[in-house]
Amino acid sequence: MTDRPPLPPFTRESAAQKVQAAEDAWNTRDPHKVALAYSPDSVWRNRDTFVTGRAEIAAFLTRKWEREREYALRKDLWAFDGNRIAVRFQYECRDTDGQWWRSYGNELWEFDEHGLMTRREASINDMRIEERERRIHGPRPEPERGDTFPVR
């Protein structure tokens, strides 16, 4: 199995690198690329949906990004310990009817010794916004990496 650094146990620096790598991958909106960061038997809870394994993860993300258009994400490291990382995040997208949304959430991540995520639990709330209220436009610019994203 190929390692996916940084590897646990995490330091503040390596946990922040892992979070930024996840943000970068998700902002590609490439379900198959994103799925490679997870172990072959990874278990997810995303809102009220449960998926297991890379194939189900890729299928889930394909459906997600078909309905969540112009998806753009920001993740912030919240806490870390050993092989676990807690993240808070926000993303914005528009639905197929053109309505814009901002989604707020928290994720709990657990990794194996190869740096692959074996468990992801995401709790997410959605807020309807107007297009003029958008704050997230595409991937995070290089000068903003490491900046904490405001709640409001």
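The values are calculated or read from the model by the stated rules, or taken from the named source; none is laboratory data. Please read all numbers here as calculations on a predicted model, not as lab measurements. Glycine gets a Cβ as well: all are built from the backbone with ideal geometry, and neighbour counts include every protein chain shown. The protein model used for the area step is the full one, side chains on, heavy atoms only, and it has no ligands, DNA or RNA in it. Shrake-Rupley method; radii C 1.70, N 1.55, O 1.52, S 1.80 Å.
Scanning region 12-48 for residues that are basic (K, R), crowded, with 16+ Cβ neighbours inside 10 Å and either in a helix (DSSP H, G or I) or modelled with pLDDT under 95 (or both) returns a single hit, K18. Looking across region 81-91 at every residue that is open to solvent by 40 Å² or more (accessible area, probe 1.4 Å) and touching a strand residue (DSSP E or B) at 6+ places or on another chain (Cβ under 9 Å), the one that is farthest from P150 (Cα to Cα) is identified as N83. Taken over region 52-80, the criterion of being open to solvent by 20 Å² or more (accessible area, probe 1.4 Å) and touching a residue at least 60 places away in the same chain (Cβ under 8 Å) is satisfied by L77, F80.
So is P143 without any contact (Cβ under 8 Å) to a residue 24 or more places away in the chain and either of a type outside the set (V, I, T) or surrounded by 15 or more Cβ atoms within 10 Å (Cβ to Cβ) (or both) or not? Yes. With respect to the conditions (1) under 18 Å from V51 (Cβ atoms); (2) open to solvent by less than 50 Å² (accessible area, probe 1.4 Å); (3) in contact with a Ser or Thr (Cβ under 9 Å, 6 or more places away or on another chain), R119 falls short on a single one, namely (2).
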